[in-house]
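Novice: Attaching a single structure in structure tokens format; questions to follow.
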Amino acid sequence: MIERVKKYLEEVNSFSSTDALTIEEFRVSYSGKKGILNTLFAAFREVPIEQKKAFGQELNILKNAVSEKIKELQSKLKSTGGKSSISDPTRTPFPIQTGNRHPLSIVKNRIIDIFSQIGFTISEGPEIEDDWHNFTALNLPEHHPARDMQDTFFIQTDPDILLRTHTSSVQVRYMEKNQPPIRTISPGRVFRNEAISSRSHCIFHQIEGLYIAKDVSFSDLKQTLKYFTESLFGNSKIRLRPSYFPFTEPSAEVDIYWGLETEVDYRITKGTGWLEIMGCGMVDPNVLKNCGIDPDEYSGFAFGMGIERIAMLIYQISDIRLFFENDVRFLKQFKGTL
Ligand code: PHE
């Protein structure tokens with residue numbers, strides 16, 4: 001009998017593991033209700049009187065050894081962070097919250113998709129620009145009054161450097177490096193020194209487009225815009241209103257027919273049913289010249305739109321600031337892609 005207890009003692013002393021499950025099994029096999037210790041204590045009764053003392057002593061040694069061992073192994077496990085304890089497959093998992101794209105990214109990607117399908121490439125450029133690419137090359141020489149159309153953030157120490165007010169600057173860079181045929185769209189962040197309200201924000205996002213080739217006409221522009229608005233909004237009606245931009249001639253603003261039935265907020269179309277969504281026009285020959293393209297050989301069109309504006313329309317959002325607050329309760333609503 002005593003021999004058996006001694007054998008257990010050896011076993012306990014030599015036992016070691018870093019696995020939580022194995023340690024727990026060890027604990028149960030010795031100290032559990034039906035474990036070895038309890039079985040041995042129960043057997044104590046049958047031990048002949050003259051052996052009781054020695055047996056009892058051995059048993060106590062074993063009992064202490066077991067509890068020492070368990071303490072030792074468990075504290076080791078804690079200090080290693082219990083990394084090996086994740087092997088319990090029955091553990092309840094945490095519900096994993098999957099993220100989703102920002103509504104502006106969803107709309108931007110959709111617009112990029114639509115233009116990619118008709119061969120437009122994506123071009124990008126710097127947000128900190130020089131005067132040439134943001135203004136002068138675009139037929140806006142110094143002191144031109146139309147510069148005030150876009151209130152600009154200048155870098156105080158160098159009036160030649162500014163935060164781009166539109167991504168037309170990217171198109172200038174693209175024309176400087178590439179000869180026609182050119183078909184490109186420029187998505188990006190732009191900056192204007194405006195009072196922030198529910199309709200305007202100092203930072204917003206644009207997608208501008210540029211198409212230059214031989215014999216491009218205004219009807220190509222109109223057809224492209226029709227394709228675009230139909231792809232994005234479904235079967236929609238658009239109209240082009242004459243307008244002015246220094247870099248295009250003639251210029252127009254594009255309105256989409258939004259209707260009055262769905263007008264939840266009178267400010268959306270101001271009671272007309274029409275909503276302006278972008279500016280466009282035929283690229284001014286001066287701009288082509290400035291960028292090293294021969295206006296006698298090539299012509300083209302350009303257009304530009306604010307992504308926030310389009311997203312507000314699609315999702316019926318009445319305050320532009322919601323896009324920038326990053327309130328998860330707002331953002332969570334835009335699952336998947338458009
Ligand atoms: N760059 C103009 C803006 O930011 C938009 C535009 C682009 C208009 C191209 C006409 C042609 O307001």
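Novice: Within segment 294-316, take every residue that is in contact (Cβ under 8 Å) with a residue 60 or more places away in the chain and assigned to a loop (DSSP other than H, G, I, E, B) and give me the one that is nearest to the ligand (Cβ to nearest atom).
Specialist: Tyr298
Novice: A further question on this structure: Would you check if Leu260 is open to solvent by 60 Å² or more (accessible area, probe 1.4 Å), aliphatic (A, V, I, L, M) and either more than 11 Å from the ligand (Cβ to nearest atom) or touching a residue at least 40 places away in the same chain (Cβ under 8 Å) (or both)? Walk me through how you get there before you give the answer.
Specialist: Details: open to solvent by 60 Å² or more (accessible area, probe 1.4 Å): yes; aliphatic (A, V, I, L, M): yes; either more than 11 Å from the ligand (Cβ to nearest atom) or touching a residue at least 40 places away in the same chain (Cβ under 8 Å) (or both): yes.
So Leu260 fits the description; yes.
Novice: Scan segment 294-312 for residues that are among the hydrophobic types (A, V, I, L, M, F, W, C) and open to solvent by 10 Å² or more (accessible area, probe 1.4 Å) and report the count. First the steps, then the outcome.
Specialist: Our first condition is that a residue be among the hydrophobic types (A, V, I, L, M, F, W, C); within segment 294-312, this holds for 301-303, 305, 307, 310-312.
Among the residues that remain, those that are also open to solvent by 10 Å² or more (accessible area, probe 1.4 Å) are: 302, 312.
Result for segment 294-312: 2.
Novice: Within segment 183-200, take every residue that is under 17 Å from Gly304 (Cα atoms) and in a loop (DSSP other than H, G, I, E, B) and give me the one that is modelled with the lowest pLDDT. First the steps, then the outcome.
Specialist: Applying the first criterion (under 17 Å from Gly304 (Cα atoms)) to segment 183-200 yields 183-192, 200.
Filter again for in a loop (DSSP other than H, G, I, E, B), leaving 192, 200.
Numbers: Arg192: 93, Ser200: 83.
Taking the candidates together, the pick is Ser200.
Novice: Could you count how many residues in segment 204-226 are open to solvent by 20 Å² or more (accessible area, probe 1.4 Å) and touching a helix residue (DSSP H, G or I) at 6+ places or on another chain (Cβ under 8 Å)?
Specialist: 3
Novice: Does Arg189 qualify as being open to solvent by 20 Å² or more (accessible area, probe 1.4 Å), assigned by TED's automatic domain parsing to the domain that holds Ala252, touching a His at 6+ places or on another chain (Cβ under 6 Å) and over 15 Å from Gly281 (Cα atoms)?
Specialist: On the way: open to solvent by 20 Å² or more (accessible area, probe 1.4 Å): yes; assigned by TED's automatic domain parsing to the domain that holds Ala252: yes; touching a His at 6+ places or on another chain (Cβ under 6 Å): yes; over 15 Å from Gly281 (Cα atoms): yes.
Yes; evaluated as a whole, the condition is true for this residue.
Novice: Based on this model, can you work out whether Arg321 counts as of a type outside the set (Asp, Glu), away from the ligand (no atom under 14 Å from the Cβ) and either touching a helix residue (DSSP H, G or I) at 6+ places or on another chain (Cβ under 7 Å) or open to solvent by 50 Å² or more (accessible area, probe 1.4 Å) (or both)? Don't jump to the end; show me each part of the working.
Specialist: Details: of a type outside the set (Asp, Glu): yes; away from the ligand (no atom under 14 Å from the Cβ): yes; either touching a helix residue (DSSP H, G or I) at 6+ places or on another chain (Cβ under 7 Å) or open to solvent by 50 Å² or more (accessible area, probe 1.4 Å) (or both): yes.
Answer is yes for this residue.
Novice: Among the candidates Ser169, Ser219, single out the residue that is small (Gly, Ala, Ser) and more than 14 Å from the ligand (Cβ to nearest atom).
Specialist: Values: Ser169 fails: more than 14 Å from the ligand (Cβ to nearest atom).
Matching residue, one of Ser169, Ser219: Ser219.
Novice: Something else now. Which residue is farthest from the ligand (Cβ to nearest atom), if the candidates are limited to segment 272-293 and must be open to solvent by less than 50 Å² (accessible area, probe 1.4 Å) and modelled with pLDDT under 95?
Specialist: Going through the qualifying residues, I end up with Gly273.
Novice: Within segment 79-99, can you find the residues that are among the small types (Gly, Ala, Ser) and at pLDDT below 70? Break it down into steps so the answer makes sense when it comes.
Specialist: Pass one, segment 79-99, residues among the small types (Gly, Ala, Ser): 79, 81-82, 84-85, 87, 99.
Scanning segment 79-99 gives Gly81, Gly82, Ser84, Ser85, Ser87.
Novice: Return the residues of segment 239-248 that are part of a loop (DSSP other than H, G, I, E, B) and in contact with a strand residue (DSSP E or B) (Cβ under 9 Å, 6 or more places away or on another chain); say none if nothing qualifies.
Specialist: Taking segment 239-248 and keeping what is part of a loop (DSSP other than H, G, I, E, B), we get 246-247.
Selection gives Phe247 alone.
Novice: Can you tell which of Val264, Val328, Val254 is at pLDDT 95 or above, among the β-branched types (Val, Ile, Thr) and within 31 Å of the chain's Cα centre (by Cα)? Don't jump to the end; show me each part of the working.
Specialist: Numbers: Val264 fails: at pLDDT 95 or above; Val328 fails: at pLDDT 95 or above.
Residue meeting the stated conditions: Val254.
Novice: For Ser236, indicate whether it is open to solvent by less than 50 Å² (accessible area, probe 1.4 Å), of a type in the set (Ser, Thr, Tyr), within 17 Å of Thr165 (Cα to Cα) and in a loop (DSSP other than H, G, I, E, B).
Specialist: On the way: open to solvent by less than 50 Å² (accessible area, probe 1.4 Å): yes; of a type in the set (Ser, Thr, Tyr): yes; within 17 Å of Thr165 (Cα to Cα): no; in a loop (DSSP other than H, G, I, E, B): yes.
For Ser236, the condition - open to solvent by less than 50 Å² (accessible area, probe 1.4 Å), of a type in the set (Ser, Thr, Tyr), within 17 Å of Thr165 (Cα to Cα) and in a loop (DSSP other than H, G, I, E, B) - is not met.
The values are calculated or read from the model by the stated rules, or taken from the named source; none is laboratory data. Quantities reported herein were computed from a predicted structural model and do not represent experimental measurements. Neighbour counts run over all protein chains shown; Cβ positions are idealised from the backbone, glycine included. The accessibility values were calculated without ligands, DNA or RNA, using every heavy atom of the protein model including side chains. Shrake-Rupley method; radii C 1.70, N 1.55, O 1.52, S 1.80 Å.
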